[in-house]
Ligand SMILES: [Cu+2]
């Protein structure tokens, strides 16, 4: 029983790490904290997004997802566009 539990722990650990990979995108057009809030609200609506940190000064936005594979870059770009901004390089 003890060996079964420890092998389960070994198996579960990398899965937890893989599930918390953040996505970093550069967003154009942010100029103040209201913009950050708008972006955050728009991105939080995407299923699977658990946390958003938008920085108006640098444009750098970190998107934390429950499962990286389920949140597509297309969904992020669409949400950003709908909020009135754009993802750098698009
Ligand atoms: Cu603003």
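Just so you know, all these numbers are worked out from the coordinates, no wet-lab data involved. Since the structure is predicted, the reported quantities are computational estimates derived from the model, not experimental observations. Backbone-built Cβ (ideal geometry, glycine too); neighbour counts: all protein chains shown.
Assorted remarks:
- Taking 7 Å steps out from each Cα toward its Cβ at residue 51 and residue 73 produces label points 2.4 nm apart.
- Simple spin-label estimate for residue 81 and residue 41 gives 2.1 nm between the two label positions (7 Å along the Cα-to-Cβ direction from each Cα).
- 19 Å reach of a label modelled at residue 28, 7 Å along Cα-to-Cβ, counting backbone N of segment 68-90: 73-90
- Cα shape, segment 14-87, gyration tensor, a/c 1.5 rule: prolate
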